[in-house]
1. If you check SER109 against the conditions, is it part of a loop (DSSP other than H, G, I, E, B) and open to solvent by 20 Å² or more (accessible area, probe 1.4 Å)?
2. Farther than 22 Å from HIS88 by Cα and out of contact with any Ser or Thr (no Cβ under 7 Å at 6 or more places or on another chain): does that describe GLY44?
3. Yes or no: the range 303-321 includes at least one residue that is under 28 Å from the mean Cα position of the chain (by Cα) and of a type in the set (Asp, Glu).
4. When you go through GLU36, GLU69 one by one, which is the residue that is at pLDDT below 95 and either touching a Cys at 6+ places or on another chain (Cβ under 8 Å) or among the acidic types (Asp, Glu) (or both)?
5. Here is a check on your reading of the model: is ILE270 within 22 Å of THR225 (Cα to Cα), at pLDDT 95 or above and in contact with a Cys (Cβ under 8 Å, 6 or more places away or on another chain)?
6. Whether any residue in the range 405-420 is assigned to a helix (DSSP H, G or I), touching a Lys or Arg at 6+ places or on another chain (Cβ under 9 Å), at pLDDT 85 or above and not polar (S, T, N, Q) is what I want to check.
7. Restricting to strands (runs of 3 or more DSSP E) lying wholly in the range 1-101: which have 2 or more residues that are open to solvent by less than 30 Å² (accessible area, probe 1.4 Å)?
Amino acid sequence: MGLWTPSLESLLLGDNRLSGSIPSSISNATKLTQIEMSINSFIGFIPNTLGNLRDLRVLSVARNNLAGEASTPELRFFDSLSNCKNLHILSISLNQLNGILPASVANLSTSIRYFSAFRSKIKGEIPMGIGNLSGLSALIFYGNELSGFIPSTLRRLKNLEQLYLGDNDLEGSIPNDLCQLDRLGELYLSDNKLDGPIPSCLGELSSMIRLSLGSNNLTSTIPSTLWSLEDLLHLNFSTNSLTGSLPSAIGNLKVITEMDLSLNRFSGRIPSTIGSCQMITFLSFAHNELQGSIPQSFGNLISLELLDLSNNNFSGVIPKSLEALRYLQYFNVSFNRLEGEIPTGGHFANFTAQSFMQNDGLYEFMAQTKTLATIGYMAPEYGREGIVSTKGDVYSYGILLMETFTRKKPTDEMFFDNLTMRNWVYEASLDSIVQVVDANLIGQEDEDFMPKKKCASSILHLALDCSTSIPTQRISMEDVVVRLNKIKITFLTNIG
């Protein structure tokens, strides 16, 4: 095609239904500065002649079906791209590249600001030469099959603001070298095989707003320095082997919106200063060894939508102050040693026995369990046979997700006889599941319609996996958290 368009400067073909291969003759259009071919159905290889485009600034071929060359395990197009010294944006995510990053990655332009290659089946180690790309502000490699260690040379990327290496097979410790990245605001290393301690020097990165280290093999306490990150919005340390107690300095995180410390070995009491985190919407301390009473100050968390304290050693009563949480949709204190009366005000009228089971000292409310099960909130095995299943809270959470994204309740008049809310969502999933999504959440005219559509679809499919009728076929809450984090990362990456 380049033979006929030698003066072409921009080729904007993104978000269409184009298919076939990308012709190597595109490299003949030597004045091209921008190639945008993302969100299509292109197959074949990324041409290894793109280096002829010396003025190329943007190359985006994300979300296609492009593959690596069968003749070599290395992704050879990088060799050619090293000639594009003006390259600023390189986006090859969501393809089927199935190859290894070559050492020639080190020779890419130092002008590259944005390098995105997530979910493209990239294998092997991250080349040490990645540290040569001194202009990078975003390096997004999550959701691949990368192995080996996190390169110490990343310390040279002084302009880096976003580092996404989650959902790979990386091992070893988190290098202290990352603490030299003064501008780093988002660090995602979740879902790897990382071990050792959390570097205390991460607390010196005052720009940090999102820190996700969940689902690894980390084995330390939380460094006290991290509680000084006063601009932190998202903190995920779930599914590790972290120990120690939670300090009163947790109250310093006054703008945090999500905190997940579940599935660790934290002990001691939750400090009352947690009540200062008034922006938080998601808070999980589930599956730890925490004890003592539930702080009255939880009632100050006015934005809270999800609170999970299950599977700990909490004692005492459930504070009535929690009745004031007007946005609370999910609440779980099961498998503790709580006693006394269950509050009945606020959203507590909507919570089922799943939220309170295995607390022998709690009373009231429990007589309602079989009725609640018949109207769709509780797992069918509880209402049918009175069987308490450890998977029951997963079922209830799945129903809650459907309720949130469809703006329907399982008690709505449209659901009767064999038409349950779950059956309704399941039938829609066979065609187009987004047709049941609340119209206030997503519309064709939305600027970010496609990312919103994919996000809503992923969450409703997750809800279906949570609410299967057979308990053993339901996914675990650990997997629920992992999938929600992946959905969120994908959504945030794709919007804007």
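1. Considered against the rule, which asks whether it is part of a loop (DSSP other than H, G, I, E, B) and open to solvent by 20 Å² or more (accessible area, probe 1.4 Å), SER109 comes out as no.
2. no
3. The answer is yes; a qualifying residue exists.
4. The match here is GLU69.
5. The answer is no for ILE270.
6. Within the range 405-420, none of the residues are assigned to a helix (DSSP H, G or I), touching a Lys or Arg at 6+ places or on another chain (Cβ under 9 Å), at pLDDT 85 or above and not polar (S, T, N, Q).
7. Counting at least 2 such residues, we get 58-60, 89-91.
Here's the yes/no breakdown for (1) without any contact (Cβ under 8 Å) to a residue 40 or more places away in the chain; (2) farther than 28 Å from ASP479 by Cα:
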position	(1), (2)
LEU160	yes, yes
TYR164	no, no
GLY172	yes, no
PRO175	yes, no
LEU181	yes, yes
TYR188	no, no
ASN192	yes, no
PRO197	yes, no
CYS201	yes, yes
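The values are calculated or read from the model by the stated rules, or taken from the named source; none is laboratory data. On a predicted model such as this, the values are computed, not experimentally measured, just so you know. Using ideal geometry, Cβ is built from the backbone for each residue, glycine included, and neighbour counts are taken over all protein chains shown. What goes into the accessible areas is simple: the full protein's heavy atoms, side chains included, and nothing from ligands, DNA or RNA. Shrake-Rupley method; radii C 1.70, N 1.55, O 1.52, S 1.80 Å.
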